[in-house]
Structures are given as structure tokens and as C-alpha cells.
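Beneath this line is the structure, given in C-alpha cells, with notes to follow.
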Amino acid sequence: MLKAAIIDMYDGTPNLGMGSIFRLLDQQFPDIRYEVFDIRGKSEVPSLDFDIYISTGGPGHPLKGNEAWEKDYYQLLDDIWFHNEVHGSRKFLFFICHSFQIACDHFGIGSITPRPEDSFGVFRVAKTAKGREDQILSALPDPFYAADFRSFQVIDPNRQQIEQMGASILAMEYHKNHEFPHLAIMAVRFSDAIYGVQFHPEAYPEGMIEYFQQEKRKKVVIEQFGRATYEEMMFHARDPIKVGLTNKKVLPGFLEYASRSLTCYPVTAD
């Protein structure tokens with residue numbers, strides 16, 4: 001049986017992400033046993049005894065600060081990278097949103113900056129040439145839709161560093177005619193075993209609809225972003241070929257790929 005470590009980066013903040021990840025694993029991958037590590041709230045850090053690591057989204061500034069957990073987290077990333085460099089049996093790691101920004105900074109992929117305005121809702125994501133060939137993202141149309149909630153962005157890719165480490169940018173922020181001066185990086189394959197995305201692949205339509213229909217949350221969203229943004233997000237969430245398709249293909253695709261690489265009997269999504 002494969003073992004997965006869920007690295008909780010939410011720091012106690014109410015969220016939809018953790019429950020969505022649990023739902024995915026419980027319903028589609030019952031043969032993967034998982035354990036949760038509250039790294040920011042309780043300084044819980046997984047060992048290298050796990051096969052798969054999923055590092056979640058979360059609140060706050062992604063750049064390095066002075067919090068005690070940060071040193072342990074960066075060390076874990078380096079330990080997993082080093083393990084994969086020297087051992088035949090690899091550790092598989094998937095970064096989501098906040099964790100993706102931290103990883104891009106740590107590995108020198110690009111620059112982390114505040115967005116001109118917060119991204120909140122369901123948006124199109126454009127695949128790169130590498131992304132169109134990627135074994136996970138190739139299952140999605142181009143562009144595809146994803147749930148995206150963030151105040152920061154990864155821009156200005158460091159091409160030399162990306163080439164040196166053997167990484168690939170798989171997807172970019174989509175803007176018609178590319179009128180934005182800086183398009184954010186939306187997905188990176190850091191190595192054959194380490195992936196990361198800026199969006200929330202764990203988001204699923206029913207969960208999003210139920211979560212944001214709650215009167216308190218609905219009121220907050222409308223007050224902060226406007227009713228038009230709220231209605232557009234809910235419209236896209238109900239479309240099965242948007243958030244639903246991304247939910248079915250990205251994280252399940254990564255878990256299937258990891259299991260194929262780690263076992264003779266791959267675990268597949270039910």
C-alpha cells in the first residue's frame with residue numbers, strides 16, 4: 001500500500017481544499033493511505049518514509065519570513081529532491097497554489113510578486129508546447145478552466161535555471177491577445193516526480209457550489225469582488241467541462257502516474 005503525506009499549509013484558516021483532497025483520496029484512491037501534517041500550525045513535518053507528498057494551498061505571503069516551520073519545509077523539499085537524485089525509488093511531490101509559489105521561489109523558477117488585483121473565480125489556463133505534450137495536462141483541452149484564488153503570482157521565468165534543473169513550464173495565465181505585460185506561470189514540472197500548479201486542481205463543482213452558496217461566504221465574496229464576479233464563478237462551477245474536468249484529470253492523473261512508477265500494480269482512479 002502506498003503512503004501519502006498531506007502537508008496542510010492553511011494554518012488553521014477555514015478552507016475547501018483539505019476536504020476536497022480527502023474526498024479525492026477516499027473515493028478514488030482508497031488504496032493510498034494518507035496522513036496529515038499541520039506544518040504551519042503545529043510544526044508537523046513528514047519524514048521521507050512516504051511515497052507521495054501533496055502540499056496544499058494556504059493564506060499569507062509566500063516569500064520567506066522568520067517562521068519556525070519554514071526552515072523545516074525547505075529542508076524537506078531539498079531532501080526529497082536529493083533523494084530522487086541518488087535513489088532509484090523516487091518520492092512524488094505535488095504543489096498547490098501557495099505551496100507552488102513557495103516552491104517556485106525556493107527552486108528559482110521565477111519572481112513572486114503581488115497581483116495587480118486578486119484572482120478569484122474560475123478562469124482559463126493556456127498550455128505551453130510542453131504542457132500540450134505532458135502526460136497529465138494533455139488530458140485537458142487548450143485552454144482549460146481551473147479554480148484560481150490568489151493575491152500573488154509567479155512571473156518572469158528564469159529560463160537558465162529552469163533548463164539547468166531539467167524543469168518545464170507547462171501552463172501560463174490566459175489573457176486574450178496577451179495584453180497583460182506579465183503573464184503568471186500556472187503549472188511547472190520541476191522534475192519527472194515533482195509537479196506544481198498555481199490553481200486548485202482539487203476543487204470540484206459540487207463542493208464549490210455548496211461552499212460559496214453559504215450565505216456568509218456569499219456575502220463576503222460579493223462585498224469584496226462584486227456580484228458579477230460571484231455569479232460568473234458559480235456559472236463556471238456548474239459547467240461539467242470546466243472545473244469538473246480539471247478535477248478529474250490533474251491530481252488524479254498525477255496520483256495514477258506516481259502509482260505506476262512506484263508499484264507493479266498501479267492504483268487508478270475509480
What percent antiparallel are the DSSP beta bridges of the chain, to the nearest 5? 55 percent
Any aspartates and glutamates with Cα under 16 Å of the Lys249 Cα? List them, leaving off those in the same chain fewer than 8 positions away. Glu133, Asp134, Asp142, Glu202, Asp239, Asp270
Exposure proxy order (Cβ contacts within 10 Å, fewest to most) of Met18, Met172: Met18, Met172
Identify all lysines with a Cα-Cα distance to Lys3 below 20 Å; exclude those on the same chain that are fewer than 8 residues away in sequence. Lys91
Counting Lys +1, Arg +1, Asp -1, Glu -1, what net charge surrounds Phe123 among other residues with beta carbon under 11 Å of its beta carbon? 0
What is the packing order of peptides 199-209, 213-223, 91-101, 238-248, taking the mean over residues of other C-beta atoms within 10 Å and listing the highest first? 91-101, 199-209, 238-248, 213-223
Could you please state, rounded to a whole Å, how far the C-alpha centre of the stretch 77-141 is from the C-alpha centre of the stretch 193-270? 16 Å
Using a ≥ b ≥ c from the Cα gyration tensor of the stretch 1-117 (square roots of the eigenvalues), is it rounded, prolate or oblate, where a/c under 1.5 gives rounded and otherwise the larger of a/b and b/c decides, a/b for prolate? oblate
Given [x] 20.5; [y] 18.8; [z] 19.7, which label gives Kirkwood radius over Cα pairs in Å as computed from the coordinates? [y]
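Each reported figure results from applying straightforward, stated rules to the coordinates on display, with no laboratory input. Since the structure is predicted, the reported quantities are computational estimates derived from the model, not experimental observations. Every residue, glycine among them, receives a Cβ derived from its backbone with ideal geometry; neighbour counts consider all protein chains shown.
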